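Report on the following structure.
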Amino acid sequence: MKGQASLELFVTLGVVIAFTIPVILLLLSVTSIGYEDTAKAQADASARSLADNINLVYAQGPGAQRELLLNVPPSTESVRVTNGEVVVSIKTSGGTFDAAAPTIATVANKDIPGKTGLFKLIVKTKSNGEVELIDPNPS
């Protein structure tokens, strides 16, 4: 009798574990997919915010300056401004995702690698009308 009870307990425990493990793995994979979508949306918003601030300072003319707190996802590889667009590159499970936003301003090329989270940038229009990005705390 004791042997049969132990065997039944082990079988019941095995069935519970067999159903629990796939459910946990499924929940973890859904969570990581949702996290990547959030990071992509945050990268898009950061690129648009920076482009909008560049355009605003450009429209105000030479001497205009604005300080900006930019919030990029933790998986950010770089923030760069080249060829009339702002690009925030993040690392995802499918490779690199580039969130881009266009600018109307003439902007000096700038690459800000390795910054994640919340950081400060200064957007300034030079006397020749070109907009430049200044990183007050370079890494």
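The values are calculated or read from the model by the stated rules, or taken from the named source; none is laboratory data. What you are looking at is a predicted structure, and each value in this text was computed from that prediction instead of being measured. So basically every Cβ, Gly included, is an ideal-geometry build from the backbone, and we count neighbours across all protein chains shown.
Some points to look at:
- Residue match in the stretch 36-58 (condition: at pLDDT below 90 and surrounded by fewer than 13 Cβ atoms within 10 Å (Cβ to Cβ)): yes
- Considering only residues in the stretch 109-139 that are within 16 Å of Ala51 (Cβ to Cβ) and not in a strand (DSSP E or B), the one that is modelled with the highest pLDDT turns out to be Glu130.
- Looking only at the stretch 76-98, and only at residues there that are small (Gly, Ala, Ser) and at pLDDT below 90, the one that is surrounded by the most Cβ atoms within 10 Å (Cβ to Cβ): Gly84
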